[in-house]
There are 2 protein chains.
Amino acid sequence: MASFNEKETVQPLQTEELKYDQNGLVPAVIQDDRNNVVLMVGYMDQEAIRRTVKMGKVCFWSRSRREYWVKGETSGNYFELKSIYADCDADTLLVKVIPQGPGKACHTGRYTCFFNTLADLEKREGAND
Amino acid sequence: MASFNEKETVQPLQTEELKYDQNGLVPAVIQDDRNNVVLMVGYMDQEAIRRTVKMGKVCFWSRSRREYWVKGETSGNYFELKSIYADCDADTLLVKVIPQGPGKACHTGRYTCFFNTLADLEKREGAND
């Protein structure tokens, strides 16, 4: 059984050391720091990471609108930054946050964006009953 | 304060309804079902999802090797499938698992792939002391 609190002694990464994709982006998994619930996945370039760190609020690059957007700017559902981790390949971020305001991460008004189930899995589960 | 256990009544999605990227892939956030720790992010196409559901073990599409790989196939660090959710846009998956075998998700031998900190954030935290 792995220790869940093992301390790592690794050198901190510079944001320019991250492996951005062909569009200069890395996916950022947003996790509620209080209970580890995954709230959403967005995309960041180096500038969005810089803005996030500077403001202490999560800023994404919107791939559809091609602009920076501070999450919660219009809805009040800010993500207060707690910590950022990169994975072993340095091509994905894990951003731990405290949801602010109404605390609804999803534009549908839900707490998390991950509310859809998959039909195939439901069939499998049904088959196991 | 949002309820963390709210029940949603949404129609389950078919895997063909997911919004795959130009390479036919969706990112899949892998989360330990026991404690909600995020272990890694991989990529799946429709066939990888099908194999994952059929086997009950997580199967990714490797973008670098261009082949399917059952996580843990060589290391024994399988991910036993518990549940799969899609986000509101249906372009990202959240896959809840129970790590098997040695329980080290990362090829570096760590429990999670997200162990790297960012230097910029450390500077900010230092500045706040």
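Scanning the stretch B:64-88 for residues that are closer than 17 Å to A:Pro27 by Cβ and modelled with pLDDT of 95 or more yields B:Tyr85, B:Ala86, B:Asp87, B:Cys88. Is it the case, given these coordinates, that B:Ser83 is in a loop (DSSP other than H, G, I, E, B), surrounded by fewer than 23 Cβ atoms within 10 Å (Cβ to Cβ) and out of contact with any Phe, Trp or Tyr (no Cβ under 6 Å at 6 or more places or on another chain)? For B:Ser83, the condition - in a loop (DSSP other than H, G, I, E, B), surrounded by fewer than 23 Cβ atoms within 10 Å (Cβ to Cβ) and out of contact with any Phe, Trp or Tyr (no Cβ under 6 Å at 6 or more places or on another chain) - is not met. Applying the set (1) closer than 26 Å to B:Val37 by Cβ; (2) more than 11 Å from chain B (Cβ to nearest Cβ) to A:Val38 leaves exactly one unmet item: (2).
Matching residues to (1) surrounded by fewer than 19 Cβ atoms within 10 Å (Cβ to Cβ); (2) within 14 Å of the chain's Cα centre (by Cα):
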site	(1), (2)
A:Gln31	no, yes
A:Ile49	no, yes
A:Met55	yes, no
A:Phe60	no, yes
A:Arg63	yes, no
A:Arg66	yes, no
A:Val70	yes, yes
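Applying the condition of being outside any loop (DSSP other than H, G, I, E, B) and touching a helix residue (DSSP H, G or I) at 6+ places or on another chain (Cβ under 8 Å) to the stretch A:86-118 and asking which residue is nearest to the other protein chains (Cβ to nearest Cβ) yields A:Leu118. Annotation: of all residues in the stretch B:15-27 being surrounded by 11 or more Cβ atoms within 10 Å (Cβ to Cβ) and either of a type in the set (D, E, K, R) or not in a strand (DSSP E or B) (or both), the one that is farthest from the other protein chains (Cβ to nearest Cβ) is B:Gly24.
The single condition from (1) farther than 30 Å from B:Tyr111 by Cα; (2) at pLDDT 95 or above that A:Thr112 fails is (1).
The residue that is surrounded by the fewest Cβ atoms within 10 Å (Cβ to Cβ), counting only those in the stretch A:100-114 that are in contact with a Cys (Cβ under 7 Å, 6 or more places away or on another chain) and in contact (Cβ under 8 Å) with a residue 60 or more places away in the chain, is A:Cys106. A:Arg50 falls short of the stated requirement of being at pLDDT below 95 and in a helix (DSSP H, G or I).
A search for C-beta distances below 7 Å between a residue of the stretch A:78-99 that is closer than 14 Å to A:Gln46 by Cα and any residue that is charged (D, E, K, R) and at pLDDT 95 or above, counting only pairs 6+ apart in sequence or on different chains, returns A:Ala90/A:Glu17; A:Ala90/A:Lys19; A:Asp91/A:Lys19.
Annotation: B:Trp61 fulfils all but one of (1) modelled with pLDDT under 95; (2) more than 7 Å from every other protein chain (Cβ to nearest Cβ); the unmet one is (1). Among the conditions (1) within 20 Å of B:Asp91 (Cβ to Cβ); (2) touching a Ser or Thr at 6+ places or on another chain (Cβ under 9 Å); (3) at the interface with chain B (Cβ under 8 Å from one of its Cβ atoms), the only one that A:Ser83 does not satisfy is (1).
The values are calculated or read from the model by the stated rules, or taken from the named source; none is laboratory data. A quick note: this is a predicted structure, and the numbers were derived from the prediction, not measured. Ideal geometry is used to build each Cβ from the backbone, glycine not excepted, and the neighbour counts take in all protein chains shown.
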